[in-house]
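Remarks on the structure that follows.
The values are calculated or read from the model by the stated rules, or taken from the named source; none is laboratory data. Please read these numbers as outputs of a predicted model, since none were measured by experiment. Cβ: placed from backbone, ideal geometry, glycine included. Neighbour counts: every protein chain shown.
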Amino acid sequence: MRQQEVHQFLLRFFEANHCPITEHGPGFMTVQLTVEMDKQIMNRPFYWHWREKTGGEPNPMKITFITDKETAPEDMDGEFIYFGAPRLFQIFQAVKQNGRFTRIYEKIVSAGARVPLQPWLGLNVVISYQSDMKKDRLLSLGLHLVSGTIIEGFQQKLAPLPLTSQISDYCFTISPMIKPESGIKRMEHY
């Protein structure tokens, strides 16, 4: 991972976790962490324990990351982050912990009619075959929570759709508590 890739990764990570980037320039960024991100990546468990026990107002850190020492201002004070740095490893762990599950919705732009959203459960799994040789197979499955339909290649079918983390104003969800049809049906297209 090159330094430019580290920089882009950090930008995407902090934006996805709603941490405002207060300053940004070539080779550096200053980030105001949220309480959750501060707890996950800043190694301050005693501070947070004290704040929670005393009921004090939380004060998450503001931190400057330097990704390129040559292009960042010389007088800048911050933490140099590179591939292999302990802080970057902590951020990778936070990605692993927070990125296991997500809830996304199809973005509906229709302002007129109410559009029903269908509940799907997407699973990306690795199947390992082992005998005298080892072979791994990555599967992307989609399970329709109303009918019980299972489809393969679910991730590829989601790629062209406009997706968002917030439900659109002009749609409603169908409850997955409806009893599925008997047996599991297999469909190639949904």
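For the reader, a short list of remarks on this structure follows.
- One residue stands out among those in the stretch 142-190 that are modelled with pLDDT under 85 and under 21 Å from Val125 (Cα atoms): the one that is surrounded by the fewest Cβ atoms within 10 Å (Cβ to Cβ), which is His189.
- Residue within the stretch 143-151 that is within 25 Å of the chain's Cα centre (by Cα) and touching a residue at least 60 places away in the same chain (Cβ under 8 Å) present: no
- Scanning the stretch 102-141 for residues that are surrounded by 10 or more Cβ atoms within 10 Å (Cβ to Cβ), hydroxyl-bearing (Ser, Thr, Tyr) and in contact with a strand residue (DSSP E or B) (Cβ under 8 Å, 6 or more places away or on another chain) yields Tyr105, Ser140.
- Scanning the stretch 10-32 for residues that are within 15 Å of Asn98 (Cα to Cα) and surrounded by fewer than 18 Cβ atoms within 10 Å (Cβ to Cβ) yields Arg12, Glu15, Ala16, His18.
- When Thr54, Thr64 are screened for being surrounded by fewer than 13 Cβ atoms within 10 Å (Cβ to Cβ), under 28 Å from Asp38 (Cβ atoms) and among the β-branched types (Val, Ile, Thr), only Thr54 passes.
- Residue match in the stretch 85-95 (condition: polar (S, T, N, Q), under 15 Å from Glu23 (Cβ atoms), surrounded by 12 or more Cβ atoms within 10 Å (Cβ to Cβ) and at pLDDT 90 or above): no
- Taken over the stretch 117-150, the criterion of being within 29 Å of Ile167 (Cα to Cα) and not hydrophobic (A, V, I, L, M, F, W, C) is satisfied by Gln118, Pro119, Gly122, Asn124, Ser140, Gly142, His144, Ser147, Gly148, Thr149.
- Number of the exception - Lys107 against (1) out of contact with any Ser or Thr (no Cβ under 7 Å at 6 or more places or on another chain); (2) among the charged types (D, E, K, R); (3) under 30 Å from Lys157 (Cβ atoms): (1)
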